[in-house]
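Participant: Once you've had a glance at the structure underneath, I'll fire off some questions.
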Amino acid sequence: YIIAFTEAFTPLFDFLLIKYKFMPWAEWLLLQKQTVAIPALFILTGIVLWKGAALGVKMLYFVVATLTVSMIAFFMGSPIVEQTAAVLAEAPPVASVSLFTVFAIIFPAFTGMTAGVGLSGDLKDPGRSIPLGTLSATLIGMVIYVFIAIKLDNSASPEILADTSRLAMSDIAIQGWWLIPLGLAAATISSALGSILVAPRTLQAIARDNVIPSKFVNNWLSVGRGNSDEPYNATLITVLFAIVFIMMGALDAVAEIISMFFMVTYGSLCLISFLQHFAGDPSYRPRFKSKWFISLFGAIACFGLMFFMNAAYAATSILFILGLYLIINYSNKDKKNMAIIFQGVIFQLTRRLHVFLQKAEKEDSKSWRPSAVSLSSSSFTRLDSFNLIRWISHRYGFGTYIHHIDGYLSKQSNEDARKQHRRLVKMADASGSKVYVDTLINQKFHHSIGTVIQLPSISGTENNLLIFENSANKPEEIAEIVENFKIIKSANFDICIMNLSEKQFGFMREIHVWITKNDLANANLMILMAYVISGHPDWKNGQIKVYSVVPAATMVEERKTFEELISNGQLPISMNNVEFISRDSESDLRSLVKERSRDADLIILGFVEEAIKRFETALFAGYEDLSNILFINTKEEKNIK
């Protein structure tokens, strides 16, 4: 604005250079914008520092009056009539300039309306004055700019308007030779005055909030003088910045740089406003109501226009403000406003997705994916169950891991549960898993079973798979699962019971799936589970091997089915990994498994409800010296075609 202010003196200096003979050094000074700009800056700074904002605001009334007279003289002026053929022939060619280049240069002229925001501490009723003043200033300014453009178009040719050696508005206006430069000076000095009132107050407020990393700098910039607490030191810093840009001299280049920082500031504010709208934080209650789509449009428009104007400047500005934010955020760990906003956004997005998924048509067997819940009371001593749930939830499904705590719910037990929950979160984070973890306090393990099967899924889709674990060293664990199997089955879940072995998951190289004639319903889920687990990076070197134990009469048909599934790409195995074993009886299944899967790292077997009723815990026994075994029972057959 100070640089633009010097443009008002161009006619005067041109007149002096023509009328009088100056020494070369004096002539050089008259041609430099800094000759007027630097003294004007110091005079303006002195007025603000010694007389305060009150005098600055009073000066604006005089400035507005002067500007009004100048604009009336311009609009009442006559068109320029010197457009003869000779004049047009001698006129310099009109340079081709893009719309966005012009926009970048003139954009700072639209930014003065934000001065009221920076002076909010001096306003009697900021909540009312800022929206009303800002919007009215913007609208009135836009109307005036449009009419100026129309007037210029009707009063002068493009050649005259493009001639940088003359001020066309002076030739159009009544008494324009002095009113227009005076109006130009009034317009620019008013904006400069607004900036020099606003910028130091903003910097002082930032320092008093201890935002700047250095305590010394915060204290120094916070210094105010006089009854009105004028930001003395902050003004000095502001003036130093102004001097740097003034010394650059080129108005168009400076305007482009300044436009970028205005744009990145406005764009960031619009983006934060949109995020606040979306986050729905009850503590965000602005007196001025706006619409989320207006804020979103403002953010997109600002950042988009930046790159259209100058991609290099835009990228530099964005990197600069991001770097500034990261530095401030690092040194102000107690101020997590952006983190809170994004938490709110994620909350709202998750909430809406959950509601959408709940209303959507439920998944059928053709699009089945695991939404698994695992319940364990040995989370910190045995990791097998947790590993299984994190493999399932890595890519294809969602996993919830519940840690059972024996006891009654009380203040102390609740505090203990919180501590264990934090341990679980750290464990999940350390493993890089995508598992949701929680704790559950109950007197007995089977009470937790009843609670877990009724838990809603936080993924937005209903839970469809329950995972339990039992150790051979603790026969009471499988006994409790079998005893409560009727309750478990009542919730209509697919069920996995994992027998834990001292070998655990071995080297995670081979998954053996054993399918028998009683697994007509279980078979597809067993294969799907092997496929889902093998999709985790821990099993990147693993392979799936399927053993199909079928009667001799159906051997050919079974082989044909597998060949079709593999050829269609439904099974991630080759026929070389499928072995058919002819058996009309399953009486020796255990011996077969122990013989052929003794080096497997995970064994998957199926079971049916009738077998549990008949054999109870014995159904899961007899597989000593093998790795972990996953027993699967499905609520309905899954279609993997």
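The values are calculated or read from the model by the stated rules, or taken from the named source; none is laboratory data. The structure displayed is predicted, hence computed values, not measured ones. Here Cβ is always computed from backbone atoms with ideal geometry, including for glycine, and neighbour counts include all displayed protein chains. For accessibility, only protein heavy atoms count, side chains too; no ligands or nucleic acids. Shrake-Rupley method; radii C 1.70, N 1.55, O 1.52, S 1.80 Å.
Participant: Expressed as a whole percentage, what fraction of the accessible surface of the chain belongs to carbon and sulfur atoms when a 1.4 Å probe is rolled over the protein heavy atoms?
Facilitator: Its accessible area is 62 percent carbon and sulfur atoms.
Participant: Here's something else I'd like to know. How big is region 206-257 by Rg and Dmax over its Cα atoms, in Å?
Facilitator: Cα only, region 206-257: 14.3, 39 Å (Rg, Dmax).
Participant: If you don't mind, there's one more thing I want to ask. Semi-axes of the equivalent ellipsoid for the chain, please: Cα gyration tensor eigenvalues, times 5, square-rooted, ordered largest first, whole Å.
Facilitator: The three semi-axes for the chain are 78, 29, 21 Å.
Participant: Using the per-residue mean of other Cβ atoms lying within 10 Å as a proxy for protection, in what order, highest first, do the peptides 127-133, 267-273, 399-405 fall?
Facilitator: Highest mean packing first, the order is 399-405, 267-273, 127-133.
Participant: Multiply the residue separation of M76 and A479 by 0.36 nm, subtract the distance between their alpha-carbon atoms, and state the gained length in nm to one decimal.
Facilitator: Here the segment from M76 to A479 would lengthen by 135.1 nm.
Participant: Related question: Roll a 1.4 Å probe over the protein heavy atoms and report the accessible area of E462 in Å², nearest 10.
Facilitator: 120
Participant: Hey, another quick one. On a straight-distance basis, which aspartates and glutamates could pair with K291 in a cross-link, Cα separation under 18 angstrom, same-chain partners fewer than 8 positions away excluded?
Facilitator: Partners found: D281.
Participant: Also, quick follow-up: Taking a cut-off of 12 Å between Cα atoms, list the aspartates and glutamates near K419, but don't count ones fewer than 8 places away on the same chain.
Facilitator: Output for K419: D438.
Participant: Heavy atoms only, 1.4 Å probe, whole protein assembly: order D14, D429 by accessible area, highest first.
Facilitator: D429, D14
Participant: Within region 476-502, which residues have the backbone N less than 19 Å from the label spot 7 Å out from V608 along Cα→beta-carbon, could you tell me?
Facilitator: Correct set: 485-486, 489-490, 492-497.
Participant: Hey, another quick one. If you build the convex hull over the alpha carbons only and average its shadow over all orientations, what do you get for region 1-67? Give it in nm² to one decimal.
Facilitator: Approximately 5.4 nm², given one-decimal rounding.
Participant: Another question about this same structure. Taking 8 Å as the Cα distance limit and 6 or more residues as the minimum spacing, I'd like the relative contact order of the chain as a percentage.
Facilitator: 11
Participant: Testing the spin-label approximation: label points 7 Å from Cα along Cα→Cβ at R166 and R422. State their distance in nm.
Facilitator: Roughly 7.8 nm, to one decimal.
Participant: Considering the options N464, L269, G622, tell which one lies farthest towards the positive end of the dipole of the chain, charges being +1 on Lys and Arg and -1 on Asp and Glu at the Cβ, about the Cα centre.
Facilitator: Selected residue: L269.
Participant: Compute the Kirkwood hydrodynamic radius of region 135-205, taking the inverse of the mean of 1/r over all pairs of distinct Cα atoms, and give it in Å to one decimal.
Facilitator: 14.4
Participant: If you take the beta carbon distance between F293 and K124 as r and set R0 to 35 Å, what does 1/(1 + (r/R0)^6) give as a FRET efficiency, to the nearest 0.05?
Facilitator: Result of the calculation: an efficiency of 0.60.
Participant: Here's another thing I want to ask about it. Please list, in chain and number order, the residues 5+ apart from L466 or on another chain whose amide H is under 5 Å from its amide H, with Hs placed from the backbone.
Facilitator: V373, D494, I495, C496
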